[in-house]
């Protein structure tokens with residue numbers, strides 16, 4: 001019996017804990033785990049040991065991501081997420097002039113500021129809930145880019161990105177993140193796997209790495 005942090009276990013469940021891997025977890029919060037072959041440090045990210053022998057992680061996390069979309073859904077009367085995603089897609093890039101800062105509960109990395117606050121700028125009576133939802137998705141995408149720029153400045157190299165979590169459903173959020181960051185993201189067939197796997201994925205019983 002052993003245990004680990006939920007996000008690290010999620011990365012293991014999709015075999016995204018090898019050097020060069022980056023896991024993006026689309027959940028209530030957004031989490032990023034970059035696996036590196038040697039220890040890296042920067043004051044605005046989190047350095048830990050990796051899940052696999054000889055590896056190290058440099059990680060980051062946003063205080064809110066899915067929490068904002070859930071809040072917006074509740075404010076809008078709890079419509080289906082599918083409807084909100086369709087309306088956000090119709091809104092288009094830029095959310096018809098809306099700009100959001102996603103710091104609705106302070107911010108973790110790289111700001112490290114519990115007093116940061118959310119902002120919605122440019123709001124008019126012509127904007128719709130779809131515009132607001134689109135602005136929230138774009139806000140978190142730019143938060144991901146801020147974290148990626150900090151990882152790169154610390155020396156982390158990313159060659160493979162795997163997206164996990166409930167937020168990948170529908171494809172719009174991941175597409176927005178890719179558009180903002182330039183990342184190509186792999187989306188596994190099972191996107192919530194931390195509680196489902198008992199053995200390291202892609203690793204046969206003898207410990208060799210599988211394909």
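Name every residue in segment 90-104 that is part of a helix (DSSP H, G or I) and in contact (Cβ under 8 Å) with a residue 40 or more places away in the chain, in order of residue number.
Of segment 90-104, the ones part of a helix (DSSP H, G or I) are 90-91, 95-97.
Scanning segment 90-104 gives 90, 91, 95.
Do we have residue 53 as in a loop (DSSP other than H, G, I, E, B) and surrounded by 13 or more Cβ atoms within 10 Å (Cβ to Cβ) here? Working first, answer last.
Numbers: in a loop (DSSP other than H, G, I, E, B): yes; surrounded by 13 or more Cβ atoms within 10 Å (Cβ to Cβ): no.
No; evaluated as a whole, the condition is false for this residue.
Can you tell me how many residues within segment 146-176 are at pLDDT 95 or above and in a loop (DSSP other than H, G, I, E, B)?
Of the residues in that region, 7 qualify.
When you scan segment 58-74, do you find a residue that is in contact with a helix residue (DSSP H, G or I) (Cβ under 7 Å, 6 or more places away or on another chain), at pLDDT 95 or above and over 23 Å from residue 181 (Cβ atoms), even just one? Walk me through it before giving the result.
Kept after step one, since they are in contact with a helix residue (DSSP H, G or I) (Cβ under 7 Å, 6 or more places away or on another chain), are these residues of segment 58-74: 58, 60, 62, 65-66, 68-69, 72-73.
If we keep only those that are at pLDDT 95 or above as well, we get 58, 60, 62, 65-66, 68-69, 72-73.
Imposing the further condition that a residue be over 23 Å from residue 181 (Cβ atoms) reduces the set to 73.
Within segment 58-74, one or more residues are in contact with a helix residue (DSSP H, G or I) (Cβ under 7 Å, 6 or more places away or on another chain), at pLDDT 95 or above and over 23 Å from residue 181 (Cβ atoms).
Return the residues of segment 1-36 that are out of contact with any strand residue (DSSP E or B) (no Cβ under 7 Å at 6 or more places or on another chain) and part of a loop (DSSP other than H, G, I, E, B); say none if nothing qualifies.
Let us first name the residues in segment 1-36 that are out of contact with any strand residue (DSSP E or B) (no Cβ under 7 Å at 6 or more places or on another chain), namely 1-6, 9, 12-13, 15, 27-28.
Within segment 1-36, 1, 2, 3, 4, 5, 15, 27, 28 qualify.
Here's the yes/no breakdown for (1) assigned to a loop (DSSP other than H, G, I, E, B); (2) in contact (Cβ under 8 Å) with a residue 60 or more places away in the chain:
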position: 38; (1), (2): yes, no
position: 41; (1), (2): yes, yes
position: 59; (1), (2): no, no
position: 68; (1), (2): no, yes
position: 74; (1), (2): no, no
position: 79; (1), (2): yes, no
position: 82; (1), (2): no, yes
position: 87; (1), (2): no, no
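The values are calculated or read from the model by the stated rules, or taken from the named source; none is laboratory data. Just so it is clear, the structure is predicted and the values come from calculations on it, not from any experiment. Heads up, the Cβs are rebuilt from the backbone with ideal geometry, glycines too, and the neighbour counts pull from every protein chain shown.
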